[in-house]
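One structure is given below, encoded as structure tokens.
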Amino acid sequence: MIRYLITLQAPDRKGLVEQIAHAVSRHGGNWLDSELRHIHGIFAAILLLEVPSQRIDELIEALECIDGLNLTYAKATFALTPLKRLSYHVVAYDRPGLVLDISNRITALGINIEQFSSRFESAGHTGIALFRATIGLGLTDSAQEEQLMLSLYALGDDLVLDKLTRDH
């Protein structure tokens, strides 16, 4: 069995996940990890699958036969395990370049962004545009945690950073 990372996108509709899961199962695949989202009418997914090497071409062909589905795939490699994994919830006034500013500060500290999920919303009581994100990070040094908080708080007084509990 070889691990493959597969990305998918298609116009969202009922039964799409079932079709994908059926194709994976029919071709001897094992669904290990995934992120599935509906964003503005589009279904988007990232899957980590174990598939017998002699069946991957058949699986890809079966997935490509699903109406409107686009995909990419590659063999997955094993990454080094970070010393510590942390997750943060970030809220700030929305503004152009905010994701770039956040990612630049994280990368400058040598921290890997392992998961990033964001959304735009309006504050209920004021209507102000808000940016919300949940960010999963892999730290290689215990000192990075304090440096990260100081660096992110320096982005502005409007930024709120909450540390979430994370396994490992």
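Per residue of the chain, the DSSP helices (runs of n ≥ 4 H) give a summed -39500 (n - 2.57) that works out to -7000 deg cm²/dmol at 222 nm.
Let me spell out the model: positive unit charges on the Cβ of Lys and Arg, negative unit charges on the Cβ of Asp and Glu, origin at the Cα centre of the stretch 1-66. What dipole size does that give, in debye rounded to 20? Intermediate results must be reported in sequence, preceding the final value.
Numbers: 6 positive and 9 negative charges, 32 e Å.
Roughly 160 debye for the stretch 1-66.
The 3J(HN,Hα) values that the Karplus relation (6.51, -1.76, 1.60; θ = phi - 60°) gives for the stretch 53-65 are, in residue order, 4, 6, 10, 4, 4, 5, 5, 4, 4, 5, 5, 5, 7 Hz. Gly and Pro appear as x.
Once all protein chains are placed together, Ser34 keeps about 40 Å² accessible to a 1.4 angstrom probe.
Estimated at 0.36 nm per residue, the fully extended path between Met149 and Asp162 surpasses their Cα-Cα distance by 3.7 nm. When the GluC sites (Glu not before Pro) in the stretch 84-168 are filtered for DSSP coil states and for at most 10 other beta-carbon atoms within 10 Å of their beta-carbon, no site remains. Hey, what angle do you get for helix 144-153 against the long axis of the chain, alpha-carbon based, 0 to 90 degrees rounded to 10? The helix 144-153 is inclined about 70 degrees to the chain. Among Arg105, Arg132, Arg26, the largest mean-square fluctuation in a Gaussian network model of the chain, built with springs joining Cα atoms closer than 10 Å, belongs to Arg26.
Full extension of the chain segment joining Glu35 with Asn104 gains 22.5 nm, where the gain is 0.36 nm per residue of separation less the Cα-Cα distance.
The residue among Phe131, Pro82, Leu69 whose Cα reaches farthest toward the positive pole of the charge dipole of the stretch 16-168, with charges on the beta-carbon of Lys, Arg, Asp and Glu, is Pro82. Taking label positions 7 Å along the Cα-Cβ direction at both Ser25 and Glu61, the computed distance is 2.2 nm, reported to one decimal. Here the stretch 49-166 is treated with +1 on each Lys and Arg Cβ and -1 on each Asp and Glu Cβ, and its dipole about the Cα centre works out to around 340 debye.
Please list, by residue number, everything in the stretch 127-143 whose backbone N is under 13 Å from a paramagnetic label point 7 Å out along Cα→Cβ of Leu83. Backbone N within reach: 138-143. Classify the chain as rounded, prolate or oblate, taking a ≥ b ≥ c as the square roots of the eigenvalues of its Cα gyration tensor: rounded when a/c is under 1.5, otherwise prolate if a/b is larger than b/c and oblate if not. Oblate shape, in that a/c is at least 1.5 and b/c is the bigger or equal ratio. Ordered by solvent-accessible area of protein heavy atoms (1.4 Å probe), largest first, the residues Ile46, Ile6 come out as Ile46, Ile6.
Taking every alpha-carbon pair in the stretch 70-168 and binning the separations at 5 Å intervals from zero gives 2, 11, 22, 22, 16, 12, 8, 4, 1, 0 percent. The angle between the Cα long axis of helix 16-26 and the longest principal axis of the Cα atoms of the chain comes to about 50 degrees, rounded to the nearest 10.
The values are calculated or read from the model by the stated rules, or taken from the named source; none is laboratory data. Quantities reported herein were computed from a predicted structural model and do not represent experimental measurements. Quick reminder, even Gly has a Cβ in these numbers, built from the backbone with ideal geometry, and neighbours come from all protein chains shown. Please note that ligands, DNA and RNA were not included when accessible areas were found on the heavy atoms of the full protein model with its side chains. Shrake-Rupley method; radii C 1.70, N 1.55, O 1.52, S 1.80 Å.
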